[in-house]
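Data block below; observations after.
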Amino acid sequence: MQNNQPHDPAQMPSEPQQFGAEQVVAPNIEAAAPGTEERSGLTPKGLMYWISGGGAMLILAIIGVFALVMPPAVPPLATNLGVTDNKQQVATMESVADLYTELNTALQTQDRELFFSYVSGDAVAPLTRWWDNMDKFGWTMGGISTVEITDEWIVPAEEGPAEVQTIFGAAMGFSAFSPRGSGNRDAGLHFIQGMQYTATISDDEGPKITAWQSGEAKAAWDLADLYVAKGEHSIVAGLPEEQELIDSIVPVADQAAVWVLDDFAAAGREVPLGGFNVFVSEDQANFGQWFLWPQTQEWLFDVAGYAIPMQRPTSSGAGVDPLLATGDSTSTSVVSIGPSAMSDLERILVHEFVHVVHFTESSSSFVSPPRATFEGWARYQDKRFANGGSFPGSDSAISYCVANFLSTEAAVPTDAQLTGPDASCYYELASTLYRYAEVSGYDQYQLAKVANSAGENPLNASSIVAPEGVAPLSAEGWVNWLRENY
Ligand SMILES: [Zn+2]
């Protein structure tokens, strides 16, 4: 699946499951004042957060933990061909392509009967749950593709049913798309919220899916029959026994959504989605298993919330709706929040929704954007939200972090710093990159978008979008500005 994305697989993290568990806390202004970060009384439960394979992190503040979890890159040609029953005929490449073409037709027309005419046996129950849940979300489009089709897909006739690595998903509730005028490769196309599955395909009397399993990361909609509540710009879903909680979150999610969408539009941007899909549980065990890879579940055991870019059908997918964006870049995202989010829910939702807009507007490789690019942007925006709409000109949290954590080498915070024990300060510092761009005459929204798709930090990306007569931003300039102003 490697394509022309600007990352080098050789430089990818060694843990194949995980490319992005990160988390942060906005240092509470009081809590982050010099010497007060461990002040008693400001200590939330579960101060120790396990991060990114490294170790535990002491969170400075009480506002919660934000995370954006990124799925692993789709494994290359992950087609394990199971040899289980010699009596059965075998799915050949042609029959899989034919089957997926039919399934895509059924998804495109939302023809349940047609879809399930190609599903039998153990696959009926999980796909029925998927379809029922998507109906509750009010899905509008759907797609299915193999991870990749190549000539290696031809299956020797004597082998049994094929286990086919598959990407499957729907556009749930709110349209998410690449605006026509965006100039992106995906311009005018829509995004689904796709996950990876293993489909077992047998070919007795024409190919059918006869078994269906989630990948290592399991979507909330595959684990339970959900309760779904709808607002104007948010859909909140969870377990039926948490209906009261779910209903109570809808108005808060709507307010956060309106702030993010209005702010984005007010900046002259073409808004790439109509609302947000939020999954919520006050049960840590439920929250902790939704959308996360097993390794990540452990890292994020006490995280407050996260946003997760989902997957798209692959570009080779047979019969995929031509209105859907395909390829192996990120698709649009879902948000999941847990019990620790409740104390500062609206700001946490703003932060996560900013992630969703950012990654919908500027699809990226699953692995290449530096954390400073997307976490700096989400923190920049949630600080504006918390400060009545403008980035604080004086801010004790930033001042504390400048005094104690600003690199003497004038370097942009690294991924390691942004997932390390002092991550909260590095998030604060990263947020100021966008404020620095703003006061230097840049359109910080454009910079955030371009930096994310280019896989660059905001300073490096500045030369791409520098206004006429404005010099590219430099780390030295940023540090001097920070020291002068904070
Ligand atoms: Zn974040």
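Bear in mind that the values in this text are calculations on the coordinates, not laboratory data. Nothing here was measured: the structure is a model prediction, and the numbers come from that model. Cβ: placed from backbone, ideal geometry, glycine included. Neighbour counts: every protein chain shown.
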Using modelled amide H (1.01 Å from N, peptide plane; none on Pro or chain starts), what sits under 5 Å from the amide H of TYR227, excluding residues fewer than 5 places away?
-> GLY238, LEU239
In Å³ and rounded to a whole number, note down the convex hull volume per residue for the Cα atoms of segment 203-314.
-> 166
Rounded to whole Hz, the Karplus (6.51, -1.76, 1.60) HN-Hα couplings of segment 228-239, x for glycine and proline = 10, 10, 10, x, 6, 10, 8, 10, 10, 9, x, 7
Amide H to amide H, which residues 5 or more places from GLY194 or on other chains are under 5 Å from it, using H placed in the peptide plane?
-> GLN311
Residues whose modelled amide H sits under 5 Å from the amide H of PHE279, counting only those 5 or more places away in sequence or on another chain, are ALA237, VAL335, SER336, ILE337
Using θ = phi - 60° and Karplus 6.51 cos²θ - 1.76 cosθ + 1.60, couplings along segment 208-220 (whole Hz; Gly, Pro as x) | 9, 7, 10, 8, 8, 10, 5, x, 5, 8, 10, 6, 3
Once fully extended, how much extra length lies between ALA411 and GLU270, figured as 0.36 nm per residue of separation less the alpha-carbon to alpha-carbon distance?
-> 47.5 nm
According to the square roots a ≥ b ≥ c of the eigenvalues of the Cα gyration tensor, what is the shape class of segment 350-486, taking rounded for a/c under 1.5, prolate for a/b larger than b/c otherwise, and oblate for the remainder?
-> rounded
The alpha-carbon center of segment 215-278 and that of segment 404-419 are separated, in whole Å, by 33
Within the under-13-Å Cβ sphere about ALA461, not counting ALA461, Lys/Arg +1 and Asp/Glu -1 give a net charge of -1
Karplus-derived HN-Hα couplings along segment 338-348 (A = 6.51, B = -1.76, C = 1.60, θ = phi - 60°), whole Hz, x at Gly and Pro | x, x, 6, 7, 5, 6, 9, 4, 5, 5, 5
So what's the net charge close to THR105: Lys and Arg +1, Asp and Glu -1, counting the other residues with Cβ under 14 Å from its Cβ?
-> -4
Once the mean 1/r over all distinct Cα pairs of segment 71-366 is inverted, what Kirkwood radius in angstroms do you read off?
-> 19.5
